[in-house]
Structures are given as structure tokens and as C-alpha cells.
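Just so it is clear, none of the values below were taken in a lab; they were calculated from the coordinates. Everything numeric here is computed off the predicted structure, so don't read it as measured data. So basically every Cβ, Gly included, is an ideal-geometry build from the backbone, and we count neighbours across all protein chains shown.
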Amino acid sequence: SVPLNAQQQRVVIKIFDLTGRLVRVLFDREVAPGRYEVIWDGRDAHDNELASGVYVYRLEAEGTMMSQAMTLVR
């Protein structure tokens, strides 16, 4: 849960591998205040299945940035 301003704003979610390489921009759009769920299918920007392992997502929203590691299991 990420607190956002009570105004519409741009939200970007990017997925990186552990070397820091950007593998996919998962979400990039203007959103109104509310609760959202974004599901990653384990694919890169070219629709290739990625290997099992640890990846990092980064969420950016006007003045807020957070990152979290996640494990992809095939």
C-alpha cells in the first residue's frame, strides 16, 4: 500500500533483475486515487519468459519511490 495524493497522478512500476537491468515497464499511466492491483506474468518487455529468481520492482509516483524484492518461481 502506497499513500498517494488525493489527485490524479502518473504511476510507473518497473521490474529489474539483480544486475540492475530493466526487464520490463509493467505499468505507466495516470491514475485517479484508489486501490489498484497489478499482476506481472513473469515476462520481459519482449514477451520472453524470464528465469526463476529474484527480481526487484520499483514504484514511482510523484515524489514517492519504493522498491521491493520479489521471487519468481516457475
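Assorted remarks:
- Translational D in µm²/s for the chain (Stokes-Einstein at 4 °C, 1.567 mPa s, Kirkwood Rh from C-alpha pairs): 99
- Close amide H pairs (under 5 Å, H built 1.01 Å from N) link Val23 with Ile15, Phe16, Asp17, residues at least 5 positions away or on another chain.
- Extended-chain gain in nm, criterion 0.36 nm per residue less alpha-carbon gap, Met65 and Glu37: 8.4 nm
- Ranked packing of 17-24, 44-51, 55-62, 29-36, most packed first, by mean Cβ within 10 Å: 55-62, 17-24, 44-51, 29-36
- Gain in span if fully extended, Leu18 to Ala51, counting 0.36 nm per residue against the direct Cα distance: 10.7 nm
- The chain, relative contact order in percent, only Cα pairs under 8 angstrom and at least six apart counted: 31
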